[in-house]
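Notes follow the structure.
The values are calculated or read from the model by the stated rules, or taken from the named source; none is laboratory data. Given the structure is predicted, the values throughout are model-derived calculations rather than measurements. Cβ atoms come from the backbone with ideal geometry, glycine included; neighbour counts cover every protein chain shown. Areas reflect the complete protein model, heavy atoms only, side chains present, ligands, DNA and RNA absent. Shrake-Rupley method; radii C 1.70, N 1.55, O 1.52, S 1.80 Å.
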Amino acid sequence: MTLLRLNNITRRFPLGSPLYGPRKYLVAVDGVSLDVEMGRTTGIVGESGCGKSTTGRIALGLEPPDSGGVLFQGFPLPRIDSNRWRAQRRQMQLVFQDTLAALDRRMTVSALIAEPLAIHGIGDSASRKQRVAELLHGVGLGEDHGVLYPHQLSGGQRQRVVLARALAPKPSLLVCDEPVSALDVSVQAQIVNLLMDVQQELGLGLLFISHDLRVVRHVSDRIVVMYLGRVVEQGRADAIIDQPAHPYTQALVSAMPRLPGGFDHYVALPGEPPSPTDRPSGCPFHPRCPLARDVCRQSLPELLPLGSERQVACHLVRH
Amino acid sequence: MLHKSFQNSAGAALLPAHGIGASATKPAISIAGLRVAFGDVPVLHGVDLAVNKGEALGIVGESGCGKSVTWRAVLGLLPKSAEIGGEARIGDLDLVGARQSVLDRVRGGRIAMIFQDPASALNPVHRIGAQITEALRLHRGLSGAAARAEACRLLDQVGIAAAASRLNTYPHELSGGQNQRVMIAIALAGRPELLIADEPTTALDATVQAQILLLLKDIQRDTGMALVMISHDLAAVAAVCDRACVMYAGQIVETAPKHTLLTAPEHPYTRDLIGAIPPSHGPRMRLTAIAGAPPQRNLPPGCAYAPRCRHAIAVCRTSRPEPRQVAARHSVRCLRLDAGTYQ
């Protein structure tokens, strides 16, 4: 069952002052559609400025789209800051990269985890205490961690607290924005395993946003590849990584060093992602694309089906 | 230029075998018993390491393992409060405790270093041309048109297009990847025997990371300088280096040729570290999560990894392992290996 559906979402931010000349816009997200199924993980991968974080914020209703709609459990998201939106936020939670910024450093771990319960008016103080203990245990922390402050914990422990806090009101959707990027490999593995365990246990839908293709491949059932605000390819995780169809996905997969081979299958990709304030005409990828032709410079390719389980936006892919 | 495959790379084969050949060619740098402490907190517990001429060596480990501190101590880049012991020989010169005037000539000259964040390593108010020619003047005595021509050649070597016009740009006008290329050009200005790259691509996007790693590899092979790449990313090290050292809690726990280290690691930490990396292809298996965290201040009485090690036995908690040669160029610091009871 589809838990979350983004339908042709666009979000642009005005640049500079409106007083001088025509207004310029940064188009962060341009016509993105994606689904998150219940109990499944959709991964969004892309380089900086591709709009992956903005997409996550729109999915939670933290950012209104300029056009397009967000359906959660089949219904449009209520207007931001309305009472119904607040009530719904209980169902959808966010985990992100910077745990020190996410946790109020003047609150103890127990108080931090109990806060969302109080906000949503869940249970009385005794049952909240009980629930906090369960949550601490569930994310692999002991009750003695409850009395500590965020700065007394390691990065991995703090990410566990953030996760416990997100799980407290029993959400059905978790949006994870770079949840393991700041962590060391061994701790990253702990958190990834924990996320997958929690998902299996609670049947959570996960929108997992990361620049790290390895991690995204590992956790995701479906992968959405974004470039300059647009989806260039999406489909089943294995298919996308093992047989990427879009030239950008091919380059991204080949730029991931393999163990033990390194860059054995490297496809050279010149240049760097352009700024979203200055988007090229036609296909946004054409200035870096090794296969670009005239049609790519002139018209924007649509996201069209390739086989039954994949969509690709490229003029040169035979649909 | 970046599109080379490394199938024919003779990097490893050309290197002298450890032990036999090492006496014939002097290493580019040899570090022995290097110790560092900040106040009463020791961070390096005796690092022994030789980097051969023309070799690309990777140093891998998690935050706080001492991989950066090792090289900062060698180059005298640590704050005054650091207590440093041991030696680091480059030729006949010991860099540990060397005078500032000596270090000034070595740094940027015989040994160059690049860092994670190029934007903060470059001076924002000077044009990049001036920053490259400064290095050329200091270390090669070039000035005027000769320096400018050489700066132009260096930019070209690091893959910056339209090099002559780029000399007049400021760092903020360039992207992160281009700034890292400029840093590499500055590092190459002194024709170093050894380039130390400390997490050179951690701040860069995936496709740009690959470009820079392959550029470093190309330059190392073309110039014949030695390269030390410090990274938390074993896969990045695999892409560039011939040989790799794994560090844990201020010690080297395993050293081996890259392929051996990745396909037949002996130290439990190395194995766990490899198991913790999500594979890029093949079936998806549960990741190895290493329980606990590295020791924060003082080492435990036995092996530093014992509290987290799945193979630890009683002796691991009481006595400290010494490095043991298990094959040519492959050494491991593990007591279970010594006892022959592991595996």
Counting only residues that are under 15 Å from B:Pro321 (Cβ atoms) and in contact (Cβ under 8 Å) with a residue 40 or more places away in the chain, how many does the stretch B:296-308 have? 3
Hey, B:Gly177 hits all of (1) open to solvent by 10 Å² or more (accessible area, probe 1.4 Å); (2) touching a residue at least 24 places away in the same chain (Cβ under 8 Å); (3) of a type outside the set (A, V, I, L, M, F, W, C) but one; which does it fall short on? (1)
Considering residues of the stretch A:199-221 that are more than 12 Å from the chain's Cα centre (by Cα) and among the charged types (D, E, K, R) only, the residue farthest from the other protein chains (Cβ to nearest Cβ): A:Glu201
Check A:Gly262, A:Gly271, A:Gly282 and return the single one that is open to solvent by 30 Å² or more (accessible area, probe 1.4 Å) and free of Cβ contacts under 8 Å to residues at least 60 places away in the same chain. A:Gly271
What tally of residues in the stretch B:288-333 results from selecting those that are part of a strand (DSSP E or B) and open to solvent by 40 Å² or more (accessible area, probe 1.4 Å)? 4
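So for the stretch A:149-159 (the condition being assigned by TED's automatic domain parsing to the domain that holds A:Val29 and polar (S, T, N, Q)), does at least one residue qualify?
Restricting attention to the stretch A:149-159, the residues satisfying the condition of being assigned by TED's automatic domain parsing to the domain that holds A:Val29 are none.
No, the stretch A:149-159 contains no residue that is assigned by TED's automatic domain parsing to the domain that holds A:Val29 and polar (S, T, N, Q).
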Just to check your reading of the model, which residue among B:Ala147, B:Ala151, B:Ala197 is closer than 13 Å to B:Pro118 by Cβ, modelled with pLDDT of 95 or more and surrounded by 15 or more Cβ atoms within 10 Å (Cβ to Cβ)? B:Ala197
Inspect all residues belonging to the stretch A:78-97 and state whether any of them is touching a Gly at 6+ places or on another chain (Cβ under 6 Å), over 30 Å from A:Ile241 (Cα atoms) and open to solvent by 30 Å² or more (accessible area, probe 1.4 Å). yes
Tally, over the stretch A:148-198, of residues that are of a type in the set (Gly, Ala, Ser), more than 13 Å from chain B (Cβ to nearest Cβ) and either surrounded by fewer than 20 Cβ atoms within 10 Å (Cβ to Cβ) or without any contact (Cβ under 8 Å) to a residue 40 or more places away in the chain (or both): 1
Selection from the stretch A:267-289 of residues touching a Phe, Trp or Tyr at 6+ places or on another chain (Cβ under 9 Å) and at the interface with chain B (Cβ under 7 Å from one of its Cβ atoms) yields A:Leu269, A:Pro273
Selected residue [over 24 Å from B:Lys67 (Cα atoms) and touching a Gly at 6+ places or on another chain (Cβ under 9 Å)] from B:Ala146, B:Ala135: B:Ala135
When A:Ile241 is run through (1) more than 23 Å from A:Ile9 (Cβ to Cβ); (2) away from every other protein chain (no Cβ under 14 Å), the failure sits at (2)
For the stretch B:230-261, which positions are surrounded by fewer than 23 Cβ atoms within 10 Å (Cβ to Cβ) and closer than 28 Å to B:Asn298 by Cβ? B:His232
Can you go through B:Lys67, B:Lys80 and tell me which one is out of contact with any Gly (no Cβ under 9 Å at 6 or more places or on another chain) and open to solvent by 10 Å² or more (accessible area, probe 1.4 Å)? B:Lys80
Answer from A:Val253, A:Val295 - the residue that is within 12 Å of another protein chain (Cβ to nearest Cβ) and not in a loop (DSSP other than H, G, I, E, B): A:Val253
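State whether the residues of the stretch B:122-136 include one that is over 17 Å from the mean Cα position of the chain (by Cα), part of a helix (DSSP H, G or I) and surrounded by fewer than 19 Cβ atoms within 10 Å (Cβ to Cβ).
yes
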Which pairs do you get when a residue that is away from chain A (no Cβ under 12 Å), found in the stretch B:222-251, comes within reach of a residue that is open to solvent by 10 Å² or more (accessible area, probe 1.4 Å) and hydroxyl-bearing (Ser, Thr, Tyr), reach meaning Cβ atoms under 8 angstrom, with the pair 6+ apart or on two chains? B:Ile230/B:Ser68; B:Arg243/B:Thr255; B:Cys245/B:Thr255
Matching entry among A:Arg310, A:Arg288, A:Arg293 (being closer than 23 Å to A:Asn8 by Cα and among the charged types (D, E, K, R)): A:Arg310
Six or more apart or on different chains, Cβ under 6 Å: which pairs go from a residue in the stretch A:1-24 that's surrounded by 14 or more Cβ atoms within 10 Å (Cβ to Cβ) to one that's assigned to a loop (DSSP other than H, G, I, E, B)? Could you list them? A:Leu3/A:Met38; A:Ile9/A:Pro65; A:Thr10/A:Asp66; A:Arg11/A:Pro65; A:Arg11/A:Asp66; A:Arg12/A:Asp66
Take the residues of the stretch B:262-276 that are within 8 Å of chain A (Cβ to nearest Cβ) and buried (at least 20 other Cβ atoms within 10 Å of the Cβ): which is farthest from B:Cys334 (Cα to Cα)? B:Ala276
